[in-house]
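Just below is one structure, and these are the notes that go with it.
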Amino acid sequence: MPDFSSFDVSLEKTSALTHAVRIGLLVFLGFPLVVALSRYVHTWTERALSKHNAMLARKAVFYGGTVMIVVAVLSELDFKLTALLGAAGVVGIAVGFASQTSVSNIISGLFLIAERTFVVGDTIQVSGVLGTVLSIDLLSIKVRTVDNRYIRIPNEMVVKGVVTNITRLPVRRLDIAVGVPSEEDTDRVKTVLEDLARGYPACLDAPAPIVFLNNLSGASQEFFFAVWCNSTDFLSLRSSIVGDIRKRLADEGIAKAGSLTVKTADEPV
């Protein structure tokens, strides 16, 4: 009777080699392919939609492709996925009770993505943090502050808190308080401030500047002076206009340097 034992051993070696080749292809070709595909989707989506949607699409492709590769590798290793899923269900229940905060953050993240109060690239102020949004993930948002710090804010805190989107609207108003001695002519001060706003490069003509007498005490009178500008010009305007107001009023002989006060409202940049 022929001995087929050597043939069986050879067949097993061939089968093992075949599985090894498949696993190698999945790992060394599959992962680079997933990375390349996610980058392509990110580039295409960013051109067609927005940075925010591009980031979400890239992560969806990357994580989805990674899960598919891992499942395929486990199948090649004859790993019983049904047993794994059963164990994962039991573990998932236990983890669910221990991770209520994470679940809350995930739900809050879905609300943030759907509501679109802000998107990647916007400058926001939330929970005392002012900065530019780098990413909006399921658990948290990542923000780079104006002094170049990297801060993670849980989504639940963002949803429950007050969020100020500073760059969402294209035009902003800069509020300035101008104090001059009470003996100065009110109408003349208003005329000078209005003329300064009309000739200032960063100030918009529409909406028109606002000037009115806000407070009158025994020794001084305070004017509320508001000008509109593009959001991108806000910081440079705020840093330059105070000194120019002082100089213009002094040149007009309206007030001496020691009796003149000019200050902006405490606005985020």
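The values are calculated or read from the model by the stated rules, or taken from the named source; none is laboratory data. Remember, it's a predicted structure, so these values are computed and weren't measured experimentally. We place every Cβ from the backbone using ideal geometry, glycine too, and count neighbours over all the protein chains shown.
Take the conditions surrounded by fewer than 14 Cβ atoms within 10 Å (Cβ to Cβ) and in contact (Cβ under 8 Å) with a residue 24 or more places away in the chain and apply them to P201. Does it pass?
no
Please enumerate the residues belonging to the range 220-246 that are part of a helix (DSSP H, G or I), in contact (Cβ under 8 Å) with a residue 40 or more places away in the chain and over 31 Å from the mean Cα position of the chain (by Cα).
D244, I245
Any chance you could count how many residues in the range 179-191 are under 11 Å from F212 (Cβ atoms) and either of a type in the set (S, T, N, Q) or in a strand (DSSP E or B) (or both)?
1
Can you tell me how many residues within the range 109-154 are of a type in the set (A, V, I, L, M), part of a loop (DSSP other than H, G, I, E, B) and under 20 Å from E46 (Cα atoms)?
3
Looking at the range 227-236, can you tell me whether even one residue there is modelled with pLDDT under 90 and surrounded by fewer than 11 Cβ atoms within 10 Å (Cβ to Cβ)?
Scanning the range 227-236 turns up no residue that is modelled with pLDDT under 90 and surrounded by fewer than 11 Cβ atoms within 10 Å (Cβ to Cβ).
Can you pull out the residues in the range 164-184 that are without any contact (Cβ under 8 Å) to a residue 60 or more places away in the chain and loosely packed, with under 15 Cβ neighbours inside 10 Å?
Result: R168, S182, E183.
Out of (1) surrounded by 14 or more Cβ atoms within 10 Å (Cβ to Cβ); (2) of a type outside the set (A, V, I, L, M, F, W, C); (3) over 19 Å from T232 (Cβ atoms), what's the single condition that is false for D147?
Going through (1) surrounded by 14 or more Cβ atoms within 10 Å (Cβ to Cβ); (2) of a type outside the set (A, V, I, L, M, F, W, C); (3) over 19 Å from T232 (Cβ atoms) one by one, D147 breaks only (1).
Identify all residues within the range 146-204 that are among the acidic types (D, E) and farther than 25 Å from L249 by Cα; write none if there are none.
The answer is D147, E156.
Counting only residues that are of a type in the set (K, R) and at pLDDT 90 or above, which one in the range 161-187 is nearest to V227 (Cα to Cα)?
Result: R173.
Filter the range 237-269 down to the residues that are crowded, with 18+ Cβ neighbours inside 10 Å and modelled with pLDDT of 85 or more and list them by number.
L237, R238, I241, I245, L249
Please determine, by comparing only the residues of the range 1-54 that are among the charged types (D, E, K, R), exposed (fewer than 11 other Cβ atoms within 10 Å of the Cβ) and part of a helix (DSSP H, G or I), which one is modelled with the lowest pLDDT.
The extreme case among them is D8.
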